[in-house]
Amino acid sequence: MRTRFPPSPTGLLHVGALRTALFAWLVARKTKGTFILRIEDTDQAREMAGATENIIRTLVAVGLKPDEGVHLDQNGEICERGPFGPYHQSDRLDLYRQYADQLLAGGQAYPCFCTAERLDLMRKDQEKRRQAPMYDRTCCNLSPEEVKNRIEAGEKHVIRLKVPREEIIVYDDLIYGSLTFKGHTVDDQVLLKSDGFPTYHLAHVVDDHLMKVDLVNRGEEWLSSLPKHLILFKFLGWTPPQYAHMPLILNPDRTKLSKRKNSVAVTDYLAKGYLPEALLNFLALLGWNPGTEQELFSLNELIEAFSLERVQKAGAVFDLQKLDWLQGQWMRKIPPQEFVSRIKPLVVEKFPAAGTDPKFLERASLIQERITFFPEAPDMLSYFYEIPNVSLDLIANPKQKIAREDVPKILAMIHEALSGVSDADWSQTAITTALESLIASSGMKKGQILWPLRAALTGREYSPGAYEVATLLGKEETIRRLAAVA
RNA sequence: GGCCCCAUCGUCUAACGGUUAGGACAACGGGUUUUCAAUCCGUUAACGGGAGUUCAACUCUCCCUGGGGCUGCCA
């Protein structure tokens, strides 16, 4: 199937849009089809510089690379590929004009000269009378001569769709099922703006037809404009694509997910350290379920398991807690080597010595099961690269039954036990053996020995275990840190 | 206001007429453990309401209620 993702370059890629793109991409992959990226830059006023680039880069970063349409070349320049271009709507203005003219000629659309002010007054009046705000067709009733004269006089105008009032529009949506709309409740939508740009409605119909798109999946907010699109397809003599309207993603208060109440830019989540795997896994599960109890899905597993039939109708709240859980799951699934290469630059930036550290892999693997985000890594490994500040208050821990006055004695005992381990034998096994025999002979509890040791070595309330840290710190440094506190 | 859509634990969801209404996140409790994580086990927690169809409704129909979306020369 040919599917598409048609963002408007008015802002950074939105998480809701990413989910829609993901589903479109999955359908394309599953059907060995094509995933098209088209840029809907028809609103000159709202366009944001850099948005297109952000959208493409983000899609690529999470692994949803478009097969056709707009992409970035090797130099990072925005360009296009594919047989149905151009893929920027602003480069297709002639096309929209052509089809608008066709509709005009067929009496299926009409020019409208109404000013924004008049329309505004009209709507206010309609509202006052508790009527649905809809265009009153003033310009539809103009004589052909008047229309001709005003256009020739260069008067600004738009082209409106002449919706058949008596028609009942029925459609079977892939997600929502049978939908019915009455023609008289559908407004005479503007198709072509006075600046010559099309509105979404015309552009969508023309492009998805010309680009031979099989499946249009888009947010539920488009459901109420569906009849306009179906009428357009009919007027133009084309077969409409299959539509799959996706349930909305919601704020915790169940309104449509918005910038005001949530972080919505995919870029923000990636910058915070969320893994693409976690983000995509999370988004896939918002509104879709596999029908099994599997929760963790790689992109390939999603291709395998995905189907539109299992997409939900109701909106889904964007639940950060579940995202965080998935993030943790994916963090732990990363192969150790890859984990190292991901965190190393971050750690080296703060501690240059880590760059040449032969033990980096082992040290890094200590934190992999406790880390949630990559940027936490430098801090979690800091004590390997700088002398920690160790306070007596940290070592003296009531919960571990360690009294302040006993600290020097305890540290001395540890010092002595570890000094007994030879340089050559310094391994986690040897350290464990030495300390366990100390625990046995001293009659102290494990925590009374291991907490002070760990605290003295790391200076932290929590960290990986004492045995592990001592092993990877080396004998010399371990002894030195013990001595420094005592 | 009008049109359209939706409705199972707090959240994401399973159930396609017959189940002790299942799972996951969160919360809570516990095991493991030198700490924090991780991990394991357990607990609390839902069919919005009312009619109807049926031997039997979470599942089908209707009404109500509630929520949402749209109602722009935005997408």
### Summary
Between A:MET48 and A:PHE351, the two model label points (7 Å from Cα along the beta-carbon direction) sit apart by a distance in nm of 3.8
### Message
List the GluC sites (Glu not before Pro) within segment A:40-102 that DSSP assigns to loop and that have no more than 16 neighbouring Cβ atoms inside 10 Å.
### Response
A:GLU47, A:GLU77
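Can you figure out the FRET efficiency of A:LYS156 with A:GLU221, using R₀ = 25 Å and their beta-carbon distance, to the nearest 0.05?
On the way: r = 29 Å, r/R0 = 1.17.
Once rounded, the FRET efficiency stands at 0.30.
For chain A, take N as its residue count and report Rg(C-alpha) divided by 2.2 N^0.38 Å.
Working: Rg = 32.2 Å, N = 486, 2.2 N^0.38 = 23.1 Å.
Relative to the rule-of-thumb radius for its length, chain A sits at 1.39.
Would you work out the relative contact order for segment A:334-384, in percent, from Cα pairs under 8 angstrom that are 6 or more residues apart? Please list the in-between numbers first.
Details: 35 pairs, mean separation 22.3, N = 51.
Value for segment A:334-384: 44 percent.
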#### Entry: Where no second cysteine Cβ lies under 4.7 Å, the cysteines concerned in chain A
A:CYS79, A:CYS114, A:CYS140
### Query
Do any trypsin sites (Lys or Arg not before Pro) in segment A:2-101 lie in a loop, going by DSSP, with at most 12 other beta-carbon atoms within 10 Å of their beta carbon, and if so which?
A:LYS32, A:ARG46
### Query
Ranked highest first by average number of other Cβ atoms within 10 Å, how do A:450-457, A:122-129 line up?
A:450-457, A:122-129
### Query
Pairing the Cα long axis of helix A:226-236 with the longest principal axis of chain A, what angle in degrees results, from 0 to 90 and rounded to the nearest 10?
50
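Which peptide among A:165-173, A:258-266 comes first, and what is the full order, when sorted by highest mean count of other Cβ atoms within 10 Å? Spell out each step's value before the answer.
Numbers: A:165-173: 13.4, A:258-266: 15.8.
So the order, starting with the most tightly packed, is A:258-266, A:165-173.
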### Query
Exposure proxy check: A:THR180, A:THR20 ranked by fewest other beta carbons within 10 Å?
A:THR180, A:THR20
### Query
Quick one: if you stick a label point 7 Å off each Cα along the C-beta vector at A:THR115 and A:SER258, how many nm between them?
3.2
#### Entry: Size-normalised alpha-carbon gyration radius of segment A:92-246, reference 2.2 N^0.38 Å
1.07
### Query
If each of A:ASP393 and A:GLN242 carries a label point 7 Å out from its Cα toward its Cβ, how far apart are those two points in nm?
6.5
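Net charge near A:ALA470, counting Lys/Arg +1 and Asp/Glu -1 over other residues with Cβ under 11 Å of its Cβ?
Details: positive: A:ARG454, A:LYS475, A:ARG481; negative: A:GLU468, A:GLU477.
Neighbourhood net charge equals +1.
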### Message
Relative contact order of chain A, please, whole-number percent, based on alpha carbon pairs below 8 angstrom and at least 6 residues apart.
### Response
12
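For the ranges A:403-416, A:197-210, A:130-143, what's the packing order if you count other beta-carbon atoms within 10 Å of each residue, average per peptide, and put the highest first?
A:197-210, A:403-416, A:130-143
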### Message
Tell me whether segment A:358-482 comes out rounded, prolate or oblate; compute the Cα gyration tensor, take square roots of the eigenvalues as a ≥ b ≥ c, and use a/c under 1.5 as the rounded threshold.
### Response
oblate
### Task
Pairs of Cα atoms under 8 Å, at least six residues apart: use those to get the relative contact order of segment A:374-478, whole percent.
34
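With a cap of 11 neighbouring Cβ atoms within 10 Å, and only residues DSSP puts in a loop, list the trypsin sites (Lys or Arg not before Pro) found in segment A:166-244.
Values: sites: A:LYS182, A:LYS193, A:LYS212, A:ARG218, A:LYS228, A:LYS234; in loops: A:LYS193, A:LYS212.
Those that pass, being in a loop and sparsely packed, number zero.
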### Query
In degrees, nearest 10, range 0 to 90: what is the angle between the Cα axis of helix A:446-458 and the longest Cα principal axis of chain A?
70
### Query
If the convex hull of the alpha-carbon atoms of segment A:334-384 is projected onto planes in all directions, what is the mean projected area in square nanometres?
3.0
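Bear in mind that the values in this text are calculations on the coordinates, not laboratory data. Computed from a predicted structure; not experimentally measured. We place every Cβ from the backbone using ideal geometry, glycine too, and count neighbours over all the protein chains shown.
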